[in-house]
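Visitor: Please read through the structure below; I'll follow up with questions.
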Amino acid sequence: MFEEIISSLRRNKMRTALTGFAVAWGIFMLIVLLGAGNGLVHAFEADSSKQAMNAMNVTPGWTSIEYKGLKTNRRIRLNEADMDELKRKFDDKIIDILPTVGVGGMKVSYGQEYVSASLNGVYPDFPNVRRIELSKGRFINQIDINEERKVCVLGNKTVDVLFPNDEPTGKFVKVNDLYYKVIGVYTDDNTWGTQDVLVPFSTLSTIYMKEGYINRMTMTTKNLTSIEDNEAFETDVRTLLGKRRNFDKDDTNAVWIWNRMTQYLQVNGALSILKTAIWVIGILTLISGIVGVSNIMLITVKERTHEFGIRKALGAKPRQILVLIVTESIAITALFGYIGMVAGVGATELINMIVEQMDSEAFRDPTVDIKIAIEATLTLIVAGTMAGFFPAKRAVSIKPIEALREQ
């Protein structure tokens, strides 16, 4: 039987090759598209792991809407009392809230080396919100806060510039005219260039923020599971602050709110749509290959009707003819489906090697689980079998005398 199948395929080399290409191309494109989708998903997941998904930043700005006779372009200031009121009012939605003060454009130097960076005053819980990781030393603690110590934690990229061949912890860096002792080094891949220099909140507030204002408040939220919930909470926050600081609740420039959860849900929804679209495109491509197999089987049955008539006249059973045609269909889909699967997996691995060399943040690990590749190929083979079954069923239903009249 296999000799007959091989002989049939050889007699129709061009047709077999074109049909096989359609099958291989279908599985190849499905795997490559799934790999591309996974590359975007993995990059997003890696970026999301660097920050708490339930983090929200509230930053004061300038008014853009007149409010109760007050003009626009007024600078809005926030302090820790506003932060405490938010915590009291929305205790059911806020887990924790931390103030941040910062001063930009500071010259940070050690010896002959220097960088320009921002000085940020933070609390000990800051790493829980920003998701930074310490690679050396320790982070700011409560004693640093209470005693207003002049200590700092540097980013790894800043350390690479200031201490190319030296151990940073225990050394003193000069920040403008003041000296800070380096107590730790943090890694934050989510930042380009030099990173913020982190110091105790109380130290920076005493030196640079004598009025008691804060630059930003960062909170972690709870019980907000949808985009609508998060947007409603943002409105509530802006409304409360608007009453306290005299600005319109619809004035988004008066207070800027960046909500990580809203962003996460939006991007996650877009990625879900993308993955669905990839599957649809891939399946349609597979269907085109299956249709090709079905067409070649129909043509094969038509051309071999006379032969089948002779076989049946000589005593061949319908089941034997049915198995012959279906096996030929399986052979085409299995052979070329396997070729397409190997080529697709190989292509995704090659792309992955290139991406790793480029160290891309927007595209990461664009590979496909081998189980999914095998399942897709097996599905194609089953579909190819069904595509060959119906032409075969038609062939065995023709009476021998009618088949013998076919030319």
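The values are calculated or read from the model by the stated rules, or taken from the named source; none is laboratory data. Treat the numbers as computed from the prediction; the structure is a model and nothing was measured. Every residue, glycine among them, receives a Cβ derived from its backbone with ideal geometry; neighbour counts consider all protein chains shown. Surface areas here come from the heavy atoms of the whole protein model, side chains and all, with no ligands, DNA or RNA. Shrake-Rupley method; radii C 1.70, N 1.55, O 1.52, S 1.80 Å.
Visitor: How much length, in nm to one decimal, is gained on full extension between residue 263 and residue 284, taken as 0.36 nm per residue of separation minus their Cα-Cα distance? Show your work: numbers first, answer last.
Guide: Working: separation 21, 0.36 × 21 = 7.56 nm, distance 3.16 nm.
Net length gain for the segment: 4.4 nm.
Visitor: At a probe size of 1.4 Å, how large is the accessible area of residue 338, to the nearest 10 Å²?
Guide: Counting only protein heavy atoms, residue 338 exposes about 130 Å² to solvent.
Visitor: Rolling a 1.4 angstrom probe over the protein chains, ignoring ligands and nucleic acids, what is the accessible area of residue 25 in square angstrom, nearest 10?
Guide: That residue has around 120 Å² of solvent-accessible surface.
Visitor: Tally Lys/Arg at +1 and Asp/Glu at -1 over every other residue whose Cβ is under 15 Å from the Cβ of residue 250; what's the total?
Guide: Details: positive: 68, 238, 243, 245, 249; negative: 66, 231, 234, 236, 248, 251.
Here the charged neighbours net out to -1.
Visitor: Provide the net charge surrounding residue 31, with neighbours chosen by a C-beta distance below 13 Å and charges set as Lys +1, Arg +1, Asp -1, Glu -1.
Guide: On the way: positive: 371; negative: 349, 369, 375.
Once positives and negatives cancel, what remains is -2.
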